[in-house]
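In what follows, a single structure is set out as structure tokens and then discussed.
The values are calculated or read from the model by the stated rules, or taken from the named source; none is laboratory data. These numbers were taken from a predicted model, which means no experiment stands behind them. Counting neighbours? That spans all protein chains shown, and the Cβs are built from the backbone with ideal geometry, glycine included. Accessible surface areas use protein heavy atoms only, side chains included; no ligands, DNA or RNA. Shrake-Rupley method; radii C 1.70, N 1.55, O 1.52, S 1.80 Å.
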Amino acid sequence: MKQIDHHIAPEMLADYSNGHLDYATSLVVASHVSLCDSCRAEIDTFDVLGGALLQEEIAQEPSPDLEDTILKAIHTSVAQPRVKASGPLPQPVMEALNGKQPAWKSLGPGIRQHIIARDKKSSVRLLYIEGGKPVPEHSHKGQELTLVLQGAFGDKTGEFHVGDVEVADGDLEHQPIAMHGEACICLASTSDNLIFKSMLPRLLQPIFGI
Ligand SMILES: [Zn+2]
């Protein structure tokens with residue numbers, strides 16, 4: 001794989017680690033992190049910090065089994081991912097698809113999408129764009145993250161190859177175009193609500209199954 005040039009900002013990685021991002025944004029962050037050693041190292045640091053804070057909270061309210069339960073849940077979720085990466089689709093995407101391949105719907109000649117999740121404030125989808133075609137806009141407002149999973153696209157801000165993520169707010173006027181050659185597959189989120197509804201730390205999510 002070509003070296004990754006476009007990363008997630010540390011502030012967003014910290015929000016991800018703390019569980020402060022909505023689902024759509026965190027799925028793109030998780031997918032980038034699964035492909036990017038340097039962002040994964042940063043997340044590990046944030047997780048250790050968050051874990052230390054959690055330990056402190058536990059120490060203030062002693063409950064001998066809770067810590068074991070949490071550690072077991074974390075160990076299980078790390079050691080036994082329910083589904084594996086498939087072709088260009090990384091593990092977090094395959095998990096979101098429950099292990100199934102995307103059911104592409106045509107958006108016009110050479111362009112397809114599969115919506116993974118959508119609500120009033122956010123959405124996350126896979127886009128398939130043949131070389132030379134424009135990447136469809138998926139939002140007019142809020143923050144957009146576009147992660148390249150196969151092929152490449154370019155716009156006036158630069159070129160984006162596999163693993164690169166473009167973070168754009170609604171004010172950025174840009175028209176990404178898939179580069180000639182292999183079809184471009186992207187994971188794209190849009191969100192105008194970056195505060196995760198529940199303030200539960202991401203560490204606890206495996207326990208509560210959220
Ligand atoms: Zn990165």
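Would a scan of region 189-207 turn up a residue that is open to solvent by 10 Å² or more (accessible area, probe 1.4 Å), touching a Pro at 6+ places or on another chain (Cβ under 7 Å) and modelled with pLDDT under 90?
No, there is no match, as no residue in region 189-207 is open to solvent by 10 Å² or more (accessible area, probe 1.4 Å), touching a Pro at 6+ places or on another chain (Cβ under 7 Å) and modelled with pLDDT under 90.
Which one of the conditions (1) modelled with pLDDT under 95; (2) open to solvent by less than 60 Å² (accessible area, probe 1.4 Å) does residue 186 fail to meet, given that it meets all the rest?
Going through (1) modelled with pLDDT under 95; (2) open to solvent by less than 60 Å² (accessible area, probe 1.4 Å) one by one, residue 186 breaks only (1).
Output the residues belonging to region 43-71 that are at pLDDT 80 or above and either β-branched (Val, Ile, Thr) or open to solvent by 70 Å² or more (accessible area, probe 1.4 Å) (or both).
The answer is 43, 44, 45.
For residues in region 3-14 being crowded, with 21+ Cβ neighbours inside 10 Å and not in a loop (DSSP other than H, G, I, E, B), which is farthest from the ligand (Cβ to nearest atom)?
12
Only one of these conditions is not met by residue 128: (1) over 19 Å from residue 25 (Cβ atoms); (2) assigned to a loop (DSSP other than H, G, I, E, B). Which number is it?
Condition not satisfied by residue 128: (2).
If you scan region 13-38, which residues turn out to be over 11 Å from the mean Cα position of the chain (by Cα) and touching a residue at least 12 places away in the same chain (Cβ under 8 Å)?
Once the filter is applied, which keeps residues that are over 11 Å from the mean Cα position of the chain (by Cα) and touching a residue at least 12 places away in the same chain (Cβ under 8 Å), region 13-38 yields 14, 15, 17, 18, 19, 20, 36, 38.
Being among the polar types (S, T, N, Q) and more than 14 Å from the ligand (Cβ to nearest atom) is the filter here; which residues of region 18-40 pass it?
18, 25, 26
Assess whether residue 135 counts as being surrounded by 18 or more Cβ atoms within 10 Å (Cβ to Cβ), within 16 Å of the ligand (Cβ to nearest atom) and hydrophobic (A, V, I, L, M, F, W, C).
no
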